[in-house]
1. If a residue has to be in contact (Cβ under 8 Å) with a residue 12 or more places away in the chain and either closer than 30 Å to Ile22 by Cα or surrounded by 14 or more Cβ atoms within 10 Å (Cβ to Cβ) (or both) to count, how many in the stretch 50-72 make the cut?
2. State which residue is farthest from Thr89 (Cα to Cα) when the search covers only the stretch 33-48 and only residues that are at pLDDT 75 or above and hydrophobic (A, V, I, L, M, F, W, C).
Amino acid sequence: MDKYRKQGEKSLNAKKTHPDVIAKEALVKATFASREREEFFDIAYGEILVDYFMAWLGTEPHENKTREFIYNSALGLGDVRKRLVAYETFGKNMQYIEDDNESN
C-alpha cells in the first residue's frame, strides 16, 4: 500500500511541484523509454508488423472487413510507438530547456 500512497501523494502535490522538477522526472522516464524501446520494442514492432502484413497477404481481395481490421491494428501499433517516441523526445530536450532557463 505504501508504494501506492507515495504515488498518490506525489500526484496530489503536483500542483506545488516546480516545473523543472517535473521536467527532470520526465527525463528519467524518457531515458527508460528510450532504452526499452531500442532494446525491445523495435524488434517487437518489426515482428508484429510483419505478422500483420503476412495476415493481410493471406486474405482475399473481397474480405474488406478483415483487411481493414488488420490495417487499423497496424495503425494502432504506430500510435503506441509515436507516444513512446514523444516521451523520449521531450526527455532528450530537457537539457536544452534547462540551459534556456539558466540563461534567462
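1. 4
2. Checked the stretch 33-48; the qualifying residue farthest from Thr89 (Cα to Cα) is Ile48.
The values are calculated or read from the model by the stated rules, or taken from the named source; none is laboratory data. Given the structure is predicted, the values throughout are model-derived calculations rather than measurements. Note that we place each Cβ from the backbone using ideal geometry, even for glycine, and neighbour counts take in every protein chain shown.
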